[in-house]
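To start, the structure under review is shown below, and the notes come after it.
Throughout, read-outs are computed from the coordinates displayed, never taken from laboratory work. Note that the structure is predicted; figures quoted are calculated from it, not measured. Backbone-built Cβ (ideal geometry, glycine too); neighbour counts: all protein chains shown.
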Amino acid sequence: MKMFNQALQFTITQNPITVISGNQINQSSVVGSPKDLKWINAPNPFENFHNAEQKIVQGTGTWLLEHRLSQEWKTGMSHFLWLQGKAGSGKTFLCTNVIKTLRKDCVFLYYYFDTCDKAKMDYSGIQQRQSDRIARMLIMQFISSINSKEGKFLIPEDMESTLLHLMAMMDVAYIIIDAIDECAEEDQGKLLALIDKLLTKLKNCFVLVSSCPHINIAHRKAQVISLDKQMSDVGITSDIEKYVDTKLQEQDAWSPKLKTEIKDTLVNGANGQIRWVDCQLMALNEITIPKRVRKALKSLPKTLQDTYAKILEQVKEELKDDVKTNFQWLLFAYRPLTMGEVQHILAIDVEEETLLPEDLLENIKTELHKVVNSSLVVIVQASIEDDSWEEQNVLTVQLAHPSVKDYLLSEAAIQSVLGYFQINSALAHEAICQMYIVYLLCCGQEAIDVETFALAHYASKYWFLHSNQTKEECSAILDLSCKLLSTTQPAYYNWLNVYTSDTWDNKADNIAQPLYYASYIGLKSVVVYMLEKGADVNAQEGEYEKAVQAASSREQHGEKILTRPRPRRNPSPPSRVKGNNGQTGPRQNPRVYGYIHTDTVHLHITKYTYNIIIPLWHLNVLCILIGSLDLRELRNSQDILIMYKTH
């Protein structure tokens with residue numbers, strides 16, 4: 001469409017801009033205020049594009065652009081092209097090559113699913129559904145500025161209809177979505193339904209997706225290019241040969257004859273997986289000595305899983321705990337970790353409950369890979385949100401490839417190295433939570449300087465989320481939580497001064513008693529312990545005034561809900577309210593009607609006339625607190641009554 005022809009900057013999130021039309025893809029300053037764009041809440045795929053583009057070897061991927069099915073898709077003869085291949089076969093690079101080609105003369109939209117970034121896959125259960133997120137991101141790529149105030153928050157159906165409306169206005173639009181198999185499994189059906197809707201209702205829409213072969217496409221009208229079948233072997237083999245040639249040119253220690261032997265061995269053993277080739281080259285570069293390299297070529301691992309197993313078998317005994325700690329954090333952290341945060345993580349001693357400055361790993365950028373192999377963990381640029389809600393580009397530590405995550409969570413890892421590096425979700429959250437609390441107890445003995453203590457803000461914001469993912473009977477976490485949540489503990493006040501979860505700006509206006517915060521963040525075992533010790537459940541304090549009201553509040557998991565202002569203390573209830581049938585009636589006493597669905601509780605509060613969704617574990621906290629209230633006092637108060645049943 002003509003209105004987009006001259007557009008060089010399109011907003012993706014409150015971050016810098018990704019150019020999707022024009023002669024180059026870059027980042028530049030935002031048109032409009034980042035605050036005005038927060039409501040879209042979409043992740044930025046430019047980082048994935050940039051990281052992939054930097055690694056592309058010149059001349060690779062051209063076979064796909066020249067492929068008959070690709071040409072039919074590009075010229076409008078086919079609307080849906082599906083690129084399939086096993087993990088590590090280079091699908092992301094191929095999609096990136098397509099984007100680079102389209103940018104010259106087409107309007108296009110793109111997205112990368114990424115299991116290494118929680119914002120780009122619905123792993124943790126606290127994000128929006130992915131079909132909604134993709135719609136949001138695509139809309140942001142259409143619009144160069146949004147005249148929206150904070151507080152507007154479109155529901156998923158609005159996002160999809162808005163996307164359809166915008167795309168219908170254009171002559172032709174291409175959409176490229178990489179790695180849909182890395183979308184949360186429960187959301188894959190919704191994502192494919194969104195693609196179906198776009199293709200059914202829009203004749204000007206052309207979609208390219210990539211995935212591993214296990215995604216079912218039997219019922220979908222897609223042209224499939226399989227990287228695992230003979231018809232594409234020539235192209236992939238050619239790409240691998242070019243990649244190996246480029247990498248071997250960087251190695252001065254080997255003779256031309258040895259390089260030829262290395263190339264032949266790697267190309268023949270690749271089985272179409274450029275990721276496997278890359279891992280072998282990194283391993284051979286560490287050996288260096290020609291005769292050792294030649295010997296190693298005779299015993300290369302056959303598969304990616306075998307490659308990861310071999311790397312882990314070579315971890316030194318004294319480093320195993322640190323390597324496993326790295327994996328646990330990188331797998332289950334709620335956002336990418338900065339190098340400074342990883343530096344402090346490695347210095348925490350949970351057994352001794354210490355954090356010593358002399359235990360910090362100096363020069364972590366160069367020293368980290370002496371701890372954990374660079375085939376498993378990498379340092380990359382990424383956008384993260386700082387303590388003022390602003391996005392900043394920093395060096396982060398991430399898993400090197402989605403297949404690393406798949407391996408660490410697989411049965412194959414159990415068989416490797418006596419299963420030491422196989423990661424269990426509940427145990428990982430337990431270990432992370434303990435480290436968080438020890439960290440806060442150590443650095444919180446005086447006012448916390450977040451510049452000095454790099455992990456402080458992250459720990460303050462997320463420690464209780466990990467706690468809620470652990471087993472309730474974990475005595476170590478209960479003991480540490482009670483130690484932190486104590487008015488005799490300086491770290492209690494200093495934690496809340498860094499991050500207070502119940503206020504709109506996460507700043508402490510006034511600090512309430514520990515029971516209030518334990519209720520708000522859903523620490524059931526801590527609430528029970530405090531009540532047994534005589535904590536006053538009727539105490540009037542905190543943003544929501546009482547512990548029972550804090551426990552029933554909507555905003556959990558550190559989310560910023562922009563649909564409405566938070567209810568303040570002593571809110572003025574409306575004189576008339578709307579019921580579920582849309583009719584108005586006289587103001588009622590506050591009541592909550594709810595139902596349980598999967599792992600969340602949906603509650604309707606008639607007093608404030610809005611719906612809230614809280615995690616299922618919060619219902620337990622509410623019941624405990626209500627059971628401790630004086631019912632005679634409750635009848636005469638503004639406390640919330642809860643009626644629910646399970647289905």
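5 Å is the cut-off here: which amide hydrogens, built 1.01 Å from N in the peptide plane, fall below it relative to Cys474, excluding neighbours closer than 5 in sequence?
Those qualifying (amide H under 5 Å, at least 5 residues apart or on another chain) number zero.
In what order do Ser481, Ser519, Ser299, Ser410 fall by count of nearby beta-carbon atoms within 10 Å, going from fewest to most?
So the residues, fewest neighbours to most, are Ser299, Ser410, Ser481, Ser519.
Please list, in order along the range 441-456, the HN-Hα scalar couplings obtained from phi with the Karplus expression 6.51 cos²θ - 1.76 cosθ + 1.60 (θ = phi - 60°), rounded to whole Hz, x for Gly and Pro.
These are the phi-based 3J(HN,Hα) values: 5, 6, 7, x, 6, 9, 3, 8, 8, 5, 6, 6, 9, 4, 8, 4 Hz.
Using all Cα-Cα distances in the range 232-300, what percent lands in each 5 angstrom bin from 0 up to the longest?
Computed distribution, short to long bins: 3, 17, 33, 26, 14, 5, 1, 0.
Across the range 232-300, how many lysine pairs, 8 or more apart or on two chains, come within less than 15 Å at their alpha-carbon atoms?
11
Of Lys197/Lys405; Lys310/Lys365; Lys91/Lys320, which pairs sit farther than 28 Å apart, going by alpha carbon to alpha carbon?
Pairs exceeding the cut-off: Lys197/Lys405; Lys91/Lys320.
Count neighbours as other Cβ atoms within 10 Å of each site's Cβ, and list the trypsin sites (Lys or Arg not before Pro) in the range 246-298 that are DSSP loop with at most 16 such neighbours.
Of the trypsin sites (Lys or Arg not before Pro), the ones in loops of the range 246-298 whose Cβ has at most 16 other Cβ atoms within 10 Å are Lys298.
For the range 317-464, what is the charge dipole size about the Cα centre, in debye to the nearest 20, if Lys and Arg each add +1 at the Cβ and Asp and Glu each add -1 at the Cβ?
Rounded to the nearest 20 debye, it is 680 debye.
For a footprinting-style exposure proxy, rank Thr92, Thr60 by other Cβ within 10 Å, fewest first.
With the fewest neighbours first, Thr92, Thr60 line up as Thr60, Thr92.
If you project the alpha carbons of the range 316-461 onto their three principal axes, what span does each projection cover, largest first, in Å?
46, 34, 28 Å, listed from the longest principal axis down.
Can you sort Phe49, Phe464 from fewest to most other Cβ atoms within 10 Å of each residue's own Cβ?
Fewest-to-most ranking of Phe49, Phe464: Phe49, Phe464.
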